[in-house]
Amino acid sequence: MEIYLIRHTTPNIGKGICYGQSDLGVTSSFDIEVAQIHRQIPIQEISTVYSSPLQRCKLLANTFSKPVICDNRLKELNFGDWELQAWDDIPKEQLQPWMDDFVNVTVPNGESYIMLQQRILEFYASLDLSSKEKIIVVSHAGPIRALLAHLQNITLKDSFNIKIAYAEVFSI
């Protein structure tokens, strides 16, 4: 199986805002970013597109004119009580323990990075990797980074060395 992992295009939100599973739209650069993505993928050979159900991913997934399967396991980290708050406004007594161990510490009413990795690995394990199929997976930086860390034997605490830009495509 050939998999094209794609991070969604630029979301329509200000800098410094925590927005994990918040359902955001996209910026006016969407069409330009989509054209750049399309040039990197043999779209005519793609059989299926899997997507996070959040609109910033679904909008991109629908541009490929292929069947789209939305899967909650492809969502970004659930930041719980921190969703749509400015990072600078999150109480330090809540933020610091998470910053010290974001892999294992659960965000208040959200999830930990290890929980995110478990669900993206469940998704990955559900694919028929022996197939000759070519698929697209449209997701977010967190799940993509967690999957790539697993595939490259990088610890989750070191996985942020894997840089993932908006609209970036990875082939695995």
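Taking 0.36 nm per residue of sequence separation and subtracting the Cα-Cα distance, how much length would be gained by fully extending the chain between A125 and L84, in nm to one decimal? Could the numbers behind the result be given before it?
Values: separation 41, 0.36 × 41 = 14.76 nm, distance 3.15 nm.
Additional length available on full extension: 11.6 nm.
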Separation of alpha-carbon centers, segment 50-69 and segment 121-172, rounded to whole Å: 17 Å
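Could you calculate the contour length gain from M1 to E45, that is, 0.36 nm times the residue separation minus the distance between their Cα atoms, to one decimal place in nm? Each step should come with its number before you reach the end.
On the way: separation 44, 0.36 × 44 = 15.84 nm, distance 1.18 nm.
Once the chain is fully extended between M1 and E45, it gains 14.7 nm.
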Three semi-axes of the equivalent ellipsoid, the chain, Cα gyration tensor, whole Å, largest first: 27, 19, 13
Dipole-positive endmost among T27, P91, I46 within the chain (Cβ charges, Cα centre): I46
Stretch gain in nm, segment S29-Q55, where the contour uses 0.36 nm per residue and the Cα spacing is subtracted: 7.8 nm
Subset of K58/K157; K15/K163; K75/K163; K66/K163; K66/K132 violating a 21 Å alpha-carbon distance limit: K58/K157; K66/K163
Tensor-based shape of segment 44-131 (alpha-carbon gyration tensor, a/c under 1.5 rounded, otherwise prolate or oblate): oblate
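Readers should treat all values here as calculations from the given coordinates under stated rules, not as data from a laboratory. Keep in mind the model is a prediction, meaning the values are calculated, not measured. Cβ: placed from backbone, ideal geometry, glycine included. Neighbour counts: every protein chain shown.
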